[in-house]
Amino acid sequence: MTTEILTLDPSYPSEADLKEAGEIIKRGGLVAFPTETVYGLGGNALDPSASRKIYSAKGRPSDNPLIVHIADMEALGLIAAEVPRAALEAAKIFWPGPLTMIFRKTDAVPKETTGGLDTVAVRMPSSPIAAGLIRAGGGYIAAPSANLSGRPSPTRAAHVIEDMDGRIDMIIDGGDSDIGLESTIVDMTGPVPTILRPGFISRHMLSDVIGEVVVDPALREGAAEDVRPRAPGMKYRHYAPRAPLYIVEGRADAVRRRIRELLGEAKDKGLNAVVLASEESAEAYAEMTASEGDGGGDPGQVISLGRASDGDDIGHNLYDALRKCDELEAGVIYSEAFDVPKARDAIMNRLLKAAGHNVIKADDVR
Ligand code: TXA
Ligand code: MG
């Protein structure tokens, strides 16, 4: 299959621009498109054969349900059997935006789309291209992140082309995704709204609007391995670069020292090591190397994700950095733990999953 690449202005896509893409969706084809979180791989959510195509293009297990994207509140009635008050209040504040809510589903939504579940995940994205495509495509687009299953989610069109070229009908290039991490998922079907996947919309932001919100116990740091997450997708190793990834945590200076030691050990083993770090640490590594002179250790390849004080920047750059590790043919990856303001929970959730929960404590007495 030849994949058409369509480049659009992310702020002003016209109806004419999106007509052909909408036709592809309506006739059961697949179009990857930008959203404010990550790129999505879209197909008609009400068409079981389109959903099957999505699973096969991604290589995704078919028990892992898709999110249905809508463009206005009127669309919700056809697919959600019951919309509790808290969900309406959250929608008023956070839609369109990076929030996905789970409802009991109606018969209009095929089981192929929901991975066999009786519930449906719904999101109203704010990106103008996404909203325009949903309208042009008939109002209901099922879209997982547009990566091959297990790979980091795509935050720019080049990432989607890497994974999906030749597998789908069209890729819309609308520049970088703003946020760079997938939406917050909240289950609205129980007595208390429950976060199943942390994202840009934090628990605090939600509870300011809708009162009590809890977090799926399986997501808590240190949760036992056998506690099953309620979002099926959260159980898979995910977001992962090819090389083993270790997170080094502790006080900033101890982390830097430990990473320097690990780099030395990797070098002795002939491993190509890549470090993911804050801008401040990247500068510190460069200084350490300079002060050690020629006899000093190799600084390795350090990828800076942004200033430690800027959670938004680090979230925005995380998936691109994980993909770069593959491009650099890393043999091993060491990442700092990012104790940043705001997006911390979302960033560390993705990073811990990418690392298969391999954590090295820098302060350990050895
Ligand atoms: O930001 C996002 O949410 C992006 C963009 C494209 O909108 N989409 C996305 O989709 O991240 P995906 O398929 O990569 O992740 C969907 C997650 C999976 O973990 C899945 O298990 C969970 O949502 N999910 C979907 N429907 C569910 C349901 N009915 N109950 C529980 N979890 C559900
Ligand atoms: Mg995904």
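Before anything else, pin down the relative contact order of segment 157-315: Cα pairs under 8 Å, at least 6 apart, normalised by residue count, whole percent.
About 13 percent, as a whole number.
Which of the peptides 313-320, 179-186 is most tightly packed, and how do the rest follow, going by the mean number of other Cβ atoms within 10 Å of each residue?
Ranked from most to least packed, the peptides come out as 179-186, 313-320.
Report the label-to-label distance for Leu88 and Lys361 in nanometres (one decimal), using points 7 Å from each Cα along the Cα→Cβ vector.
5.0 nm
How do Met73, Met164 line up, fewest other C-beta atoms within 10 Å first?
Met73, Met164
Give the shape of segment 45-99 as rounded, prolate or oblate, defined through the alpha-carbon gyration tensor: a ≥ b ≥ c are the square roots of its eigenvalues, a/c under 1.5 means rounded, and otherwise the shape is prolate if a/b is larger than b/c and oblate if not.
Because a/c hits 1.5 or more and a/b exceeds b/c, segment 45-99 counts as prolate.
Might you report the magnitude of the Cβ-based charge dipole of segment 225-365 about its Cα centre, with Lys and Arg at +1 and Asp and Glu at -1, to the nearest 20 debye?
It comes to approximately 780 debye.
Which whole number of Å³ per residue matches the convex hull of the alpha-carbon atoms in the chain?
Output value, Cα hull per residue: 142 Å³.
Amide H of Arg197 versus every other amide H placed in the peptide plane: which residues, excluding those fewer than 5 positions away on the same chain, fall under 5 Å?
Amide H neighbours of Arg197: Ile185.
With an 8 Å Cα cut-off and a minimum separation of 6 or more residues, compute the relative contact order for segment 239-366 in percent.
44 percent
What is the fewest-to-most order of His204, His69, His238, His357 by other Cβ atoms lying within 10 Å of their Cβ?
Sorted ascending by nearby Cβ count, the order is His204, His357, His238, His69.
Short version: ³J(HN,Hα) in whole Hz for each residue of segment 101-118, in order, from phi by Karplus 6.51 cos²θ - 1.76 cosθ + 1.60 (θ = phi - 60°), x for Gly and Pro, what are they?
10, 9, 10, 5, 9, 9, 6, 5, 9, x, 4, 4, 6, 9, x, x, 7, 8
Please give the peptides 324-332, 149-157, 207-215, 21-29 ranked by average Cβ packing (other Cβ atoms within 10 Å per residue), highest first, as a rough proxy for protection.
Taking the mean over residues of other Cβ atoms within 10 Å, the ranking is 149-157, 21-29, 324-332, 207-215.
Filter the cross-link list Lys267/Lys353; Lys92/Lys324; Lys324/Lys361; Lys267/Lys324; Lys235/Lys269; Lys19/Lys235 down to pairs whose alpha-carbon distance in this structure exceeds 28 Å.
Over 28 Å Cα-Cα: Lys92/Lys324; Lys235/Lys269; Lys19/Lys235.
Considering Cα pairs under 8 angstrom that are at least six residues apart, work out the relative contact order of segment 3-43 and quote it in whole percent.
That works out to 24 percent.
Take the Cα radius of gyration of segment 32-160 and divide it by 2.2 N^0.38 Å, with N its residue count; two decimals is plenty.
0.97
From a point 7 Å beyond the Cα of Ser49 in the direction of its Cβ, which residues of segment 124-157 have a backbone N at a distance under 20 Å?
The answer is 137-143.
Using +1 on the beta carbon of Lys and Arg, -1 on that of Asp and Glu, and nothing else charged, what's the dipole of the chain about the Cα centre, debye to 20?
1180 debye
Dipole magnitude of segment 1-81 about its Cα centre, charges +1 at Lys/Arg Cβ and -1 at Asp/Glu Cβ only, in debye to the nearest 20?
Details: 7 positive and 11 negative charges, 100 e Å.
Roughly 480 debye, rounded to the nearest 20.
A short reminder: the numbers here are calculations on the coordinates, not readings from a lab. Since the model is a prediction, treat every value here as computed from it, not as a measurement. With ideal geometry, Cβ positions are generated from the backbone for all residues, glycine too; neighbour counts draw on all protein chains shown.
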